[in-house]
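J.: Quick one: the structure is below, questions incoming.
The values are calculated or read from the model by the stated rules, or taken from the named source; none is laboratory data. If you're wondering where the values come from, they're calculated on a predicted model, not measured in any experiment. In this analysis, Cβ positions are derived from the backbone assuming ideal geometry, glycine residues included, and neighbour counts consider all displayed protein chains.
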Ligand code: ADP
Ligand code: MG
């Protein structure tokens with residue numbers, strides 16, 4: 001194997017590292033402990049707390065905590081005046097008009113602070129890779145000037161890294177999608193992160209990317225989306241509790257945290273219920289927010305990003321139609337309205353198959369791999385890697401699209417209801433290879449509402465799965481008798497590396513027998529319930545056509561079945577159900593009882 005050069009996305013909000021290994025590029029570390037940390041620092045005595053562990057300190061001792069260092073990198077005190085006013089930590093003027101950040105008795109350059117984040121990433125990566133390394137490719141925004149790039153290089157050096165190359169974030173994203181293989185054309189990279197928005201227009205010439213225009217807003221990102229939601233929460237709280245002190249720090253913290261949770265929930269669901277818990281005020285405020293309501297609130301923010309896009313295009317002297325590829329970068333592009341807005345603006349579907357959170361680090365890793373003499377012999381996913389489907393009764397997973405179907409793919413299946421007069425159906429979307437949804441990955445959910453009341457088993461709900469060539473999955477549900485419909489868009493393969501996919505596949509073989517039993521058990525339990533229901537409904541008939549003895553044995557056998565239902569042996573349950581079937585056969589065979597049988601057969605599992 002060639003020498004190890006890792007890729008690092010040193011972000012304003014989050015920083016992460018990736019590497020190309022035999023299975024292709026991926027974030028370093030196992031999914032439960034990836035090399036990915038919030039770009040936060042806090043000083044505790046002479047020790048640094050970094051990432052997640054700094055978060056609590058950020059609230060408890062804001063003066064000793066630092067975030068958004070990237071905004072200060074390589075910049076002079078004078079040009080930062082406005083920026084500094086908004087930061088809670090103290091920024092002071094240092095030699096040569098540079099800045100230092102004061103924490104307690106000490107002060108640090110932005111390079112030193114960034115190096116602490118890089119060191120932590122290096123250390124984490126070395127633990128996971130079980131070997132030391134020095135070489136890294138680090139990414140910076142396309143608009144970074146020489147001083148800012150040099151500052152990033154220096155931060156790497158202080159962290160003990162050999163920065164073999166600094167590359168632009170949008171270039172890294174384009175490389176992650178293999179767009180450099182295309183030889184020529186224009187690529188637009190739309191990056192909406194935690195606190196910043198950047199649009200970059202790249203020109204590809206002979207496998208090399210040149211930045212032809214950038215535009216953006218250093219005060220626009222996921223934090224603003226959170227803020228919009230916090231405002232909404234505040235309004236809603238004040239309506240009910242006019243005297244509430246919203247400035248109370250614990251209250252602000254709860255609102256901010258809930259805002260981010262609600263935002264993330266709405267990127268895979270068309271509505272979500274949230275509760276604002278303020279226990280010290282005795283308040284538990286429960287509400288529902290729909291994705292549609294959020295979209296409306298986000299319109300002004302999105303509009304600002306598209307104004308930037310227009311400016312970048314006109315700076316580059318290009319029309320929208322000149323752009324051949326659009327790439328999404330940044331956690332905030334997971335908001336469906338953002339994705340749809342970009343598609344509408346550029347008039348073409350953006351690349352979304354790689355998690356926009358990770359795409360820059362992945363691209364940097366590929367660049368590192370190529371610099372180390374590696375070949376690009378891994379493929380981007382052009383098939384559905386793991387089956388896609390929905391949850392059906394009893395928590396079973398019904399596959400609609402099977403693994404390895406090539407993209408684009410489209411499949412549909414008809415399902416029905418299990419309860420009489422059911423007027424809504426919840427569609428829970430999963431991805432995986434196991435028989436029960438509890439062993440699969442949840443991708444999203446939505447409700448099909450407004451089905452007119454019908455008997456169980458009567459509605460015909462056609463559920464369609466459509467994955468486009470960019471990997472975007474649209475799931476829609478259509479009730480044929482009434483014409484009601486609903487749909488959602490989600491991205492299935494996000495976050496899954498080839499290694500994880502292989503592991504999931506392997507686990508599905510390992511559990512195949514086990515899973516089959518569990519699934520059968522659930523199915524037999526359901527048919528037992530149906531049989532019981534049928535017997536109870538038609539007990540009157542039984543009283544006429546069966547002897548007392550026959551009825552007694554049926555009752556006894558029902559008890560036996562009930563008992564076996566609680567054990568976990570599907571085969572025994574099946575045997576006892578068959579016995580019950582034998583006992584009820586005379587009833588089913590009678591003229592009146594035939595109706596019972598039909599009733600039972602009509603109900604789909
Ligand atoms: P940066 O490049 O500034 O470091 P990131 O690309 O890491 O930022 O994006 C961080 C932002 O993404 C945060 O505001 C976070 O709340 C947001 N985010 C993360 N996941 C989701 C999601 N599923 N839906 C919407 N926003 C998300
Ligand atoms: Mg970023």
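Rundown of residues vs (1) in the same structural domain as residue 115 (by TED's automatic domain parsing); (2) modelled with pLDDT of 95 or more; (3) under 18 Å from residue 331 (Cβ atoms), yes/no style:
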position	(1), (2), (3)
37	yes, yes, yes
59	yes, no, no
65	yes, no, no
68	yes, no, yes
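J.: Take the residues of segment 431-456 that are in a loop (DSSP other than H, G, I, E, B) and surrounded by fewer than 18 Cβ atoms within 10 Å (Cβ to Cβ): which is modelled with the lowest pLDDT?
T.: Going residue by residue through segment 431-456, those that are in a loop (DSSP other than H, G, I, E, B) are 432-435, 440, 449-456.
With the extra rule that they be surrounded by fewer than 18 Cβ atoms within 10 Å (Cβ to Cβ), the set shrinks to 449-450, 452-453, 455-456.
Working: 449: 89, 450: 88, 452: 89, 453: 89, 455: 88, 456: 85.
Among residues in segment 431-456 that are in a loop (DSSP other than H, G, I, E, B) and surrounded by fewer than 18 Cβ atoms within 10 Å (Cβ to Cβ), the one modelled with the lowest pLDDT is 456.
J.: Looking at segment 537-573 only, could you name the residues that are under 50 Å from the mean Cα position of the chain (by Cα), assigned to a helix (DSSP H, G or I) and over 12 Å from residue 584 (Cβ atoms)?
T.: Within segment 537-573, 537, 559, 560, 562, 563, 564, 565, 566, 570, 571, 572, 573 meet the criteria.
J.: Report whether or not residue 117 is at pLDDT 95 or above and in contact with a helix residue (DSSP H, G or I) (Cβ under 8 Å, 6 or more places away or on another chain).
T.: Values: at pLDDT 95 or above: yes; in contact with a helix residue (DSSP H, G or I) (Cβ under 8 Å, 6 or more places away or on another chain): yes.
The answer is yes for residue 117.
J.: Kindly evaluate residue 568 against the criterion of being loosely packed, with under 12 Cβ neighbours inside 10 Å and either modelled with pLDDT of 90 or more or on the phi > 0 side of the Ramachandran plot (or both). Full working, then the answer.
T.: Details: loosely packed, with under 12 Cβ neighbours inside 10 Å: yes; either modelled with pLDDT of 90 or more or on the phi > 0 side of the Ramachandran plot (or both): no.
Considered against the rule, which asks whether it is loosely packed, with under 12 Cβ neighbours inside 10 Å and either modelled with pLDDT of 90 or more or on the phi > 0 side of the Ramachandran plot (or both), residue 568 comes out as no.
J.: If you don't mind, another one. Which ones in segment 73-112 are closer than 20 Å to residue 196 by Cα and touching a strand residue (DSSP E or B) at 6+ places or on another chain (Cβ under 6 Å)?
T.: 84, 89
J.: Under 8 Å between Cβ atoms, at least 6 apart or on separate chains: pull out the pairs that start in segment 189-200 with a residue that is outside the structural domain of residue 311 (by TED's automatic domain parsing) and end on any residue that is part of a loop (DSSP other than H, G, I, E, B) and near ligand 2 (Cβ under 9 Å from one of its atoms).
T.: If the second residue must be part of a loop (DSSP other than H, G, I, E, B) and near ligand 2 (Cβ under 9 Å from one of its atoms), no pairs are left.
J.: Quick one: is residue 180 under 18 Å from residue 323 (Cα atoms) and either within 15 Å of ligand 1 (Cβ to nearest atom) or assigned to a helix (DSSP H, G or I) (or both)? Break it down into steps so the answer makes sense when it comes.
T.: Values: under 18 Å from residue 323 (Cα atoms): yes; either within 15 Å of ligand 1 (Cβ to nearest atom) or assigned to a helix (DSSP H, G or I) (or both): yes.
So residue 180 passes the test.
J.: I want to confirm something. Restricting to segment 158-170 and keeping residues that are assigned to a helix (DSSP H, G or I) and in contact with a helix residue (DSSP H, G or I) (Cβ under 7 Å, 6 or more places away or on another chain), which single residue is nearest to ligand 1 (Cβ to nearest atom)? Let's see the steps before the verdict.
T.: From segment 158-170, those assigned to a helix (DSSP H, G or I) are 158, 169-170; that's our starting set.
Right, trim to in contact with a helix residue (DSSP H, G or I) (Cβ under 7 Å, 6 or more places away or on another chain) and you get 158, 169.
Working: 158: 20, 169: 8 Å.
Per the criteria, the residue is 169.
J.: How many residues, within segment 277-310, are in contact (Cβ under 8 Å) with a residue 60 or more places away in the chain and at positive phi?
T.: The qualifying residues number 0.
J.: Something else now. On the given criteria, is residue 522 under 28 Å from residue 390 (Cβ atoms), outside the structural domain of residue 433 (by TED's automatic domain parsing) and more than 23 Å from the chain's Cα centre (by Cα)? Walk me through it before giving the result.
T.: On the way: under 28 Å from residue 390 (Cβ atoms): yes; outside the structural domain of residue 433 (by TED's automatic domain parsing): yes; more than 23 Å from the chain's Cα centre (by Cα): yes.
Yes: the conditions hold for residue 522.
J.: Does residue 60 count as without any contact (Cβ under 8 Å) to a residue 24 or more places away in the chain, within 27 Å of residue 124 (Cβ to Cβ) and buried (at least 18 other Cβ atoms within 10 Å of the Cβ)? Full working, then the answer.
T.: On the way: without any contact (Cβ under 8 Å) to a residue 24 or more places away in the chain: yes; within 27 Å of residue 124 (Cβ to Cβ): yes; buried (at least 18 other Cβ atoms within 10 Å of the Cβ): no.
For residue 60, the condition - without any contact (Cβ under 8 Å) to a residue 24 or more places away in the chain, within 27 Å of residue 124 (Cβ to Cβ) and buried (at least 18 other Cβ atoms within 10 Å of the Cβ) - is not met.
J.: With segment 3-88 as the region, which strands (runs of 3 or more DSSP E) entirely inside it contain at least 2 residues that are within 16 Å of ligand 2 (Cβ to nearest atom)? Walk me through how you get there before you give the answer.
T.: On the way: elements: 6-10, 14-21, 24-27, 36-38, 40-44, 47-50, 65-67.
The strands (runs of 3 or more DSSP E) meeting that bar are 6-10, 14-21, 36-38.
J.: So, one more: Considering only segment 183-260, give the strands (runs of 3 or more DSSP E) lying wholly within it that have at least 2 residues that are modelled with pLDDT of 95 or more and within 12 Å of ligand 1 (Cβ to nearest atom). Show your work before the answer.
T.: Values: elements: 184-192, 197-205, 208-217.
Where strands (runs of 3 or more DSSP E) fall fully within segment 183-260 and carry at least 2 residues being modelled with pLDDT of 95 or more and within 12 Å of ligand 1 (Cβ to nearest atom), they are 184-192, 197-205.
J.: I'd like the full set of residues that are within 15 Å of residue 104 (Cβ to Cβ) and either more than 16 Å from ligand 1 (Cβ to nearest atom) or more than 30 Å from the chain's Cα centre (by Cα) (or both), limited to segment 46-86.
T.: Of everything in segment 46-86, those that are within 15 Å of residue 104 (Cβ to Cβ) and either more than 16 Å from ligand 1 (Cβ to nearest atom) or more than 30 Å from the chain's Cα centre (by Cα) (or both) turn out to be 46, 47, 48, 49, 57, 60, 61, 62, 63, 64, 65.
J.: If you don't mind, there's one more thing I want to ask. Looking at (1) in contact with a strand residue (DSSP E or B) (Cβ under 6 Å, 6 or more places away or on another chain); (2) part of a loop (DSSP other than H, G, I, E, B); (3) outside the structural domain of residue 191 (by TED's automatic domain parsing), which is the only condition residue 469 fails?
T.: In the conditions (1) in contact with a strand residue (DSSP E or B) (Cβ under 6 Å, 6 or more places away or on another chain); (2) part of a loop (DSSP other than H, G, I, E, B); (3) outside the structural domain of residue 191 (by TED's automatic domain parsing), residue 469 misses (1) alone.
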